[in-house]
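Undergrad: Structure provided below as C-alpha cells; questions to follow.
What follows is calculated from the coordinates using simple rules that are stated; it is not laboratory data. No experiment lies behind these values; they were computed from the predicted model shown. Using ideal geometry, Cβ is built from the backbone for each residue, glycine included, and neighbour counts are taken over all protein chains shown.
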Amino acid sequence: MTKTMRVMVVGQGEAAQAVVAALGRLPGVQNVRQTSHLPESLAGVDVVVEMVGGVEPAFKVAMGAMGKGVACVVTSPMLVAAHGQALAQASRGMHAFWGCTAAGAGMQPVELLAGRAVERMAVVFGEGASTLLVRMGYRNENYLKMEADLLRADVDVSDAAGKLTQARAAALMGDWQGLWPKVGSQLRVGLDALDMQDMRRMREFGLTLVYGAQLFDGGFVYTGPMAVDTASPLAQAQGRDVLLLEDEGGESVISQPADAQGRLLRGVVGDMVRLMRGRAAPEFATHAVFGGAAGADGACYLRLPYGKREALMAAGAVVKEEKVEGNGTWQAVVEGVDMRRLRMLAPDGCIWPVAGSWEMPMAGGLRLVG
C-alpha cells in the first residue's frame with residue numbers, strides 16, 4: 001500500500017502518544033503529527049484524529065476538520081451520543097469521511113454483517129455498571145453497598161448508571177445502520193431499580209442478568225440490565241467487551257479485552273484502514289441488509305402480579321414459559337409486545353429484555369399452561 005495519508009492527532013497524554021505510535025507503523029500512513037489543538041490551517045493534512053475528549057471540545061475539533069473537507073476520526077463516546085447526527089450531516093455535506101469506531105469500544109460490527117439480515121445486537125462492555133452487576137450477583141448485596149466497596153478499592157465505577165455504555169451503543173448503532181439514536185429512541189435503566197430477589201428467581205428460568213445494551217433494527221437502543229442464558233457469551237464477559245449479532249441464521253460474536261487503550265488503538269486503526277481501502281463511512285453504509293420490524297420487539301423476562309397477565313395477553317404477548325408463585329407473583333418469558341409498551345402496561349413490574357438465544361431448563365418446576 002502506498003504511503004499517502006498524512007495524519008494529525010489532536011490531543012495530549014499517553015493515549016494520544018500511543019495512537020501516534022500505532023499510526024506511524026500503519027502501512028499507507030506517510031507521517032503523523034501531534035498537537036494540543038486544531039490549527040487554523042490544515043494544509044497538507046488528510047486525516048484529523050480527535051483525542052481531546054468530552055463533548056464540546058471534541059465537537060469543535062471534528063466540525064473544524066470536516067468543515068475544511070478533511071477526514072476525521074473521533075474517539076469520544078459522549079461526543080457521538082450528543083452530536084452523532086450533526087456530525088453525520090456535516091460529513092455528507094462536505095464529502096469528508098468520519099469514523100467513530102473507537103467511540104464504540106473499538107468494535108466493527110460491519111465486518112461481520114456481509115449482507116446478513118441482522119435484526120438485533122447485544123453488547124456488554126467491561127465498564128463500571130457491568131462490574132457492579134456481576135459483583136451484586138455473586139455477593140447478593142445491594143447496589144449502594146457494592147458501589148461503596150468498589151470505590152474504596154479504587155475500581156472505576158464512572159459508568160455505574162450506564163451513561164457511557166449508552167454512548168458506546170449509540171456509536172455502534174451509527175456504525176451498523178447509519179442511524180443516530182435520539183432521546184425518544186433510547187431507554188436507559190440503572191441498577192438502582194434492581195431487586196436482588198429477582199436475580200434468584202431468574203435462575204429457575206436458566207437466566208442471569210448482565211448490564212449492557214441491546215440495539216434493534218430501526219434505531220432503538222436499550223441500555224440496562226439484560227436477561228441472558230447462563231451459558232451465553234454475554235454472561236462470560238467479565239473483563240471483556242462482547243458483542244452478539246443475531247439473525248435468523250444464528251449468532252456471531254466479537255470478543256475483546258476491556259482495555260481502554262486497546263479500544264482506542266483498535267478503533268482508530270480500524271477507521272484508518274477503512275478510509276484507506278475506500279470503505280464507506282458509517283453514514284454512507286449500504287452493506288447491511290436490515291431485517292425485522294423497527295422498534296424494541298424481542299423476548300422479555302417479566303415478573304408481575306398474576307392479575308396483569310390478561311392485559312398483556314390482550315396486547316398480543318406470546319408466552320414462551322411461565323410460572324406462578326403461591327403469593328400470586330407471575331414470572332414469564334414473553335414475545336410479541338414492544339418492550340416500551342410492556343413498561344407502559346406494567347410500570348411497576350420487573351421487565352428485562354432477553355438477549356441472545358435461550359432455552360428453558362428441563363427441570364423447571366411448576367408451570368402454568370393455557
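Undergrad: To make sure I understand, if each residue's beta carbon is the centre and we count other beta carbons within 10 Å, what order do Tyr306, Tyr222 fall in, fewest to most? Please list the in-between numbers first.
TA: Numbers: Tyr306 15, Tyr222 26.
Ranking Tyr306, Tyr222 by Cβ neighbours within 10 Å, fewest first, gives Tyr306, Tyr222.
Undergrad: Something else: Taking the mean number of other Cβ atoms within 10 Å as a proxy for protection, how do you rank 257-270, 16-29 from highest to lowest?
TA: On the way: 257-270: 19.6, 16-29: 16.5.
The peptides rank, most packed first, as 257-270, 16-29.
Undergrad: Calculate for the chain the 222 nm mean residue ellipticity that helices alone would give, adding -39,500 (n - 2.57) per DSSP H run of length 4 or more and normalising by residue count, nearest 500 deg cm²/dmol. Show your work: numbers first, answer last.
TA: Details: 11 runs with 118 residues, N = 370.
Result for the chain, helices only: -9500 deg cm²/dmol.
Undergrad: Using only alpha carbons, build the gyration tensor for the stretch 5-99 and give me the equivalent ellipsoid semi-axes, biggest first, whole Å.
TA: Numbers: eigenvalues 77, 48, 26 Å².
With the √(5λ) rule applied to the stretch 5-99, the semi-axes are 20, 15, 11 Å.
Undergrad: Taking just the C-alpha trace of the stretch 147-192, give me its Rg and Dmax in Å.
TA: 13.7, 41
Undergrad: Quick one: which of 149-156, 41-48 comes out on top by average Cβ neighbours within 10 Å, and what's the full order, highest first?
TA: Values: 149-156: 11.6, 41-48: 16.5.
The peptides rank, most packed first, as 41-48, 149-156.
Undergrad: Between 0 and 90 degrees, rounded to the nearest ten: what's the tilt of helix 77-94 against the longest Cα principal axis of the chain?
TA: Tilt relative to the chain: about 50 degrees.
Undergrad: Further question on the same structure: Tell me, what are the semi-axes, in whole angstrom and largest first, of the equivalent ellipsoid of the stretch 300-353 as set by the roots of 5 times the Cα gyration tensor eigenvalues? Walk me through the numbers on the way to the answer.
TA: Values: eigenvalues 49, 26, 21 Å².
For the stretch 300-353, the semi-axes come out at 16, 11, 10 Å.
Undergrad: Size of the dipole of the stretch 5-99 about the Cα centre, Lys and Arg at +1 and Asp and Glu at -1 on the beta carbon, nothing else charged, in debye to 20? Let's see the in-between values first.
TA: Numbers: 6 positive and 5 negative charges, 41 e Å.
The calculated dipole for the stretch 5-99 is roughly 200 debye.
Undergrad: I've got another one for you. Share of antiparallel DSSP beta bridges in the chain, in percent to the nearest 5? Provide the component values of the computation, followed by the final result.
TA: On the way: 42 of 62 bridges.
Antiparallel: roughly 70 percent of the beta bridges in the chain.
Undergrad: Right, another one. Give me the mean projected area, in nm² to one decimal, of the convex hull enclosing the Cα positions of the stretch 62-217. The partial results should precede the final answer.
TA: Numbers: hull surface 44.3 nm².
Computed as one quarter of the Cα hull surface, the answer is 11.1 nm².
Undergrad: Just want the answer: with Cβ charges of +1 for Lys and Arg and -1 for Asp and Glu, which residue in Met313, Leu345, Val333 is farthest toward the dipole's positive end in the stretch 300-353?
TA: Leu345
Undergrad: Just want the ordering: Lys60, Lys145, from fewest to most Cβ atoms lying within 10 Å of their own Cβ.
TA: Details: Lys60 15, Lys145 11.
With the fewest neighbours first, Lys60, Lys145 line up as Lys145, Lys60.
Undergrad: Just to confirm my numbers, what's the Cα centroid distance between the stretch 316-365 and the stretch 10-41 in Å?
TA: 50 Å
Undergrad: Angle, helix 260-276 long axis vs. longest principal axis of the chain, Cα atoms, 0 to 90°, nearest 10?
TA: Rounded to the nearest ten degrees, it is 60.
Undergrad: In what sequence do His37, His95, His83 fall when counting other Cβ within 10 Å, fewest first? Please list the in-between numbers first.
TA: Details: His37 12, His95 9, His83 21.
Lowest count first: His95, His37, His83.
Undergrad: Around Leu345, under 13 Å between beta carbons, what's the net of Lys plus Arg minus Asp minus Glu among the other residues?
TA: Details: positive: Lys308, Arg309, Arg340, Arg341, Arg343; negative: Glu310, Asp338, Asp348.
Summing Lys/Arg as +1 and Asp/Glu as -1 gives +2.
Undergrad: Something else now. Based on the Cα coordinates of the chain, what is the per residue volume of their convex hull in Å³? Could you put the intermediate results ahead of the total?
TA: Working: hull volume 50.2 nm³, N = 370.
For the chain, the hull spanned by Cα atoms encloses 136 Å³ per residue.
Undergrad: So how tilted is helix 128-139 from the main axis of the chain? Cα-based, degrees 0 to 90, rounded to 10.
TA: 30 degrees
Undergrad: Taking Cα pairs under 8 Å and at least six residues apart, what relative contact order does the stretch 300-353 come out at, in percent? Show your work: numbers first, answer last.
TA: On the way: 82 pairs, mean separation 26.4, N = 54.
The value is 49 percent.
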